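Peer 1: Can you keep this structure in mind? I'll have questions shortly.
We did not get these values from a lab; they are worked out from the coordinates using the rules stated. Given the structure is predicted, the values throughout are model-derived calculations rather than measurements. Every residue, glycine among them, receives a Cβ derived from its backbone with ideal geometry; neighbour counts consider all protein chains shown.
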């Protein structure tokens, strides 16, 4: 990845920082603009796309990263022995607002907080969320990772912070401490609510299903063993969508957007081949994002497919009502298992 590419990625991510102070917002944890050489080397060793970058390039990219921040969603009057902590990458001011609004029903019954950000360099924002929840009486905290799969670096970083794995995905940030019992809810994976979401997004851009090929496109994990798991989830979603919508075909692919360039280029070549094959067969390719954010790598996908004919559903999954429906159901399922 070039210096230009990493800055472009960081700028795209920077939209997740809160634009204005709001009630319930907790102090942001900013990223240092100049890291110690030892920290830079750790990132270079753990993040494949950083391996060919200089110290200055990595510092420059990190300087553009948005701050991690916390939103406390419940009113001060809400107290309960079960709290809810939702963590998300952050998808921009409008996307984050969708998530904030979506947890309102939960927040009225259980102390609820959202932690936004990648936690690459610190865990303070999530520690603050845990402290807020226990202060509101939470003895058990349901942790909901708002990600498509556990096969991702950001999930590995969260798991490290909670002591569920020994190695961090990024820097060795401070481990989280809480007197509450933390219960992990599953990621989206193959949940039927997610399938319905992707089906609806496919239908929105469909005109003649019998003459269309749906291609689900995900960001994808960096490492091949993780990517294989996510590809299996995509295949399940695609198979269901093909049947539900009577499409000519449906398939899924990840770009592995943060992987070394040769891996991403290989995946782009596959994607372009699928689009060209569909057109040759007299079908319209429908590109549907298996992406949380509406404003993420969609512009890069347009560049990847330059010169080809296709229809692109650019909406992110967080724009669909099922996104917050999945969060609420995940919480309900975990609470039911706790016997509360």
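Peer 1: Report the Cα centroid-to-centroid distance between the range 174-198 and the range 269-289 in angstrom, as an integer.
Peer 2: For the range 174-198 versus the range 269-289, the Cα centre distance is 33 Å.
Peer 1: Would you calculate the convex hull of the Cα atoms in the range 192-318 and tell me its volume per residue in Å³?
Peer 2: About 92 Å³ per residue, rounded to a whole number.
Peer 1: Return 203, 211 ranked ascending by Cβ neighbour count within 10 Å, so the fewest neighbours appear first.
Peer 2: Fewest to most other Cβ atoms nearby, the residues stand as 211, 203.
Peer 1: Sort 266, 46 by Cβ crowding within 10 Å, fewest neighbours at the top.
Peer 2: Final ranking by Cβ density, sparse to dense: 266, 46.
Peer 1: Within the chain, what percent of beta bridges assigned by DSSP are antiparallel, to the nearest 5?
Peer 2: Antiparallel bridges: around 20 percent, rounded to the nearest 5.
Peer 1: To continue, here is another question. For the chain, what relative contact order do you get, as a whole percent, if you take Cα pairs closer than 8 Å and at least 6 residues apart?
Peer 2: Answer for the chain is 17 percent.
Peer 1: Right, here's the next one. Which ordering of 142, 229 is given by a fewest-first count of other beta-carbon atoms within 10 Å?
Peer 2: 229, 142
Peer 1: Related question: Could you list log10 I(q)/I(0) for the chain at q = 0.10, 0.13, 0.14, 0.15 Å⁻¹, which the Debye formula gives when each Cα is one point scatterer?
Peer 2: -0.60, -1.00, -1.15, -1.29
Peer 1: To continue, here is another question. Please give the calculated 222 nm ellipticity per residue for the chain, where each DSSP H segment of at least 4 residues contributes -39500 (n - 2.57) and the sum is spread over every residue; nearest 500 deg cm²/dmol?
Peer 2: -13500 deg cm²/dmol
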